[in-house]
Amino acid sequence: MDIKNIIDFHLNKIEKKYSSKRIKGNDLINITTSKQLNLFIIKNIYDLWISNFEKNKIEYFDYESPDVVKASEGMMNTLSNNISIDQKDFKSLLESAYNEIINLAINPKEFIKKDLIKSNWYDESKLEKRSKYYIFYKELFQILIKKIKENNEISIKVSEVINYIDEITIDINEDLVKEVSVLIGCEKNELRNKTSKTDENYYSYFSLSKKEIDNLILEATSKSSFEEAASLILKNLKSSYSENFSTKDIRRLLHIIKEKFSLPT
């Protein structure tokens, strides 16, 4: 059974389970049999709110003011207690959560880096809050928090967080792999076939280390639009490529990145 059919199967079960056509916040924590999947659904709702809030900021206001920060956090807390989702709108949230839990299972380091790069900075409190969405990798977040404390830092840029993660060995969690395999009805060795393939011949296009290129691609695919992602990639190309970025190789790389924007998010 492919992912689309699995999601449709779960949607049918959810529709029968809830007599109301709307799914409430209290329903989400047990909406599927996987607590990790449910937490990713809640995480994505929160991220959508943050993204929408950032997009609608007006330059005339000081959004860093303690009063504004406190008020926005209060609004988010109030909204979180008043979640109401029409079942027909729930599909995209479920699709995104499925895509995420599969990627977390097969490549936890890259997934967590991509998830964290959605924000520009982190402090202890922000990392602690993010860790609540992860059942299997809470220890990683505690390591990151410890590093901030050890360096006497109040907050750090996300690039520093990514560098910290690159220094940490993050093993695949077999319990999570097993849970995801059961969830989507496949063998453990078939999980990688459930995600999109990536052409890695692009390393020669940049005058950067492999790790730096991986983080560059990661940052690009985390941009809010393909245009922003393409601009970042083109800006970092070797001079021989940047002078002729319409070559077949560069167009193939941009096509790979563009495909990521067409996946459920």
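Summary of values
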| item | result |
| --- | --- |
| Accessible surface, the chain, averaged per residue in Å² (probe 1.4 Å) | 60 |
| Size descriptor, Kirkwood hydrodynamic radius, that averages inverse alpha-carbon separations across the chain, Å | 20.5 |
| P(r) of segment 90-222 over all Cα-Cα pairs, binned every 10 Å from zero, in whole percent | 11, 38, 35, 15, 1 |
| Residue range of the chain that is longest and free of trypsin sites (Lys or Arg not before Pro) which are both DSSP loop and sparsely packed (at most 11 other C-beta within 10 Å) | 58-196 |
| Protein accessible area in the chain, 1.4 Å probe - carbon and sulfur % | 50 |
| The chain: relative contact order in percent, alpha carbon pairs under 8 Å with at least 6 residues between | 20 |
| 128, 59, reordered so the largest accessible area comes first (probe 1.4 Å) | 59, 128 |
| Distance (nanometres) between label positions extended 7 Å along Cα→Cβ at residue 56 and residue 175 | 3.9 |
| Estimated FRET transfer efficiency when R0 is 30 angstrom, pair residue 153-residue 63 (beta carbons, to 0.05) | 0.85 |
| Helical contribution to [θ] at 222 nm, DSSP H n ≥ 4, -39,500 (n - 2.57), averaged over the chain, rounded to 500 | -19000 deg cm²/dmol |
| Cα-Cα over 22 Å, subset of 57/132; 57/223; 88/138; 146/188; 109/178 | 57/132; 88/138; 146/188 |
| Values of log10 I(q)/I(0), in the order q = 0.13, 0.14 Å⁻¹, for segment 64-128 under a Debye, Cα-only, solvent-free model | -0.60, -0.69 |
| Pair residue 167, residue 76: separation of 7 Å Cα→Cβ label points (nm) | 2.7 |
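The values are calculated or read from the model by the stated rules, or taken from the named source; none is laboratory data. Because the structure is a prediction, the values reported are computed rather than measured. All Cβ positions, glycine included, derive from the backbone under ideal geometry; neighbour counts span all protein chains shown. Only protein heavy atoms, including side chains, enter the accessible area calculation; ligands, DNA and RNA are left aside. Shrake-Rupley method; radii C 1.70, N 1.55, O 1.52, S 1.80 Å.
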